[in-house]
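Input: a single structure, listed below in structure tokens.
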Amino acid sequence: MEECIFCQIIKKAVPGDIVYEDDRFLAFKDIHPKAPIHLLVVPREHISSINDLQEKDEGLMGALILTAKKVAAKEGFSDSGYKLLFNVGRGGGQLIDHIHLHILSGGYGRPISEI
Ligand code: AMP
Ligand code: ZN
């Protein structure tokens, strides 16, 4: 079975501009940024969508948000502020069926415009 593009980035079969990784998560730059800083945080585990989450994933999803916070601090834009966004399903704008948390920021000291 062909793996999704994010699974391939996780496996390093396809290059990604990775800014953070640990045993459960990766963060990399969005290839078509919609803000001056646009990162995606993904779990290594393939889960297609928020709609596919189960009770057992509660801890994983909490850790995903904490990872986004850690990445913002590491990349130096925590204090400037940022948006966190999940798209869910085609009607919600989701195109890649591997859960990913968008981190969008205006950059260092700049507010983010409306998205
Ligand atoms: P979504 O619409 O929520 O599914 O978001 C998918 C995001 O993945 C989009 O913002 C795309 O620009 C981004 N994207 C697609 N392919 C890649 C890739 N190979 N590397 C990095 N980002 C990607
Ligand atoms: Zn995947």
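Results, tabulated for the structure shown:
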quantity	calculated
Solvent-free Debye scattering, log10 I(q)/I(0), computed from the Cα coordinates of the stretch 15-93 at q = 0.22 Å⁻¹	-1.20
The chain, accessible area per residue, ligands and nucleic acids excluded (1.4 Å, Å²)	59 Å²
Estimated FRET transfer efficiency (Val14, Glu58; beta-carbon r; R0 35 Å; 0.05)	0.70
Residue range of the chain that is longest and free of GluC sites (Glu not before Pro) which are both DSSP loop and sparsely packed (at most 10 other C-beta within 10 Å)	3-113
Fully extended contour minus Cα-Cα distance, from Ile50 to Lys83, at 0.36 nm per residue	10.1 nm
Ordering of 34-42, 22-30 by burial proxy (mean other Cβ atoms within 10 Å per residue, highest first)	34-42, 22-30
Per-pair calculated FRET efficiency, R0 = 22 Å: Glu2 and Lys74 via Cβ, rounded to 0.05	0.10
The stretch 56-73 residues near the modelled Arg110 label - backbone nitrogen below 12 Å, point 7 Å along Cα→Cβ	none
Kirkwood-based Rg to Rh ratio, the stretch 53-115, C-alpha trace	1.02
Cα-based Lys pair tally, the chain, threshold under 25 Å, eight or more apart or on separate chains	23
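The values are calculated or read from the model by the stated rules, or taken from the named source; none is laboratory data. Model, not experiment: these values are computed from the prediction. Please note: Cβ atoms are built from the backbone with ideal geometry, for glycine as well, and neighbour counts cover all protein chains shown. Accessible surface is based on the protein model in full, side chains and every heavy atom, while ligands, DNA and RNA are left aside. Shrake-Rupley method; radii C 1.70, N 1.55, O 1.52, S 1.80 Å.
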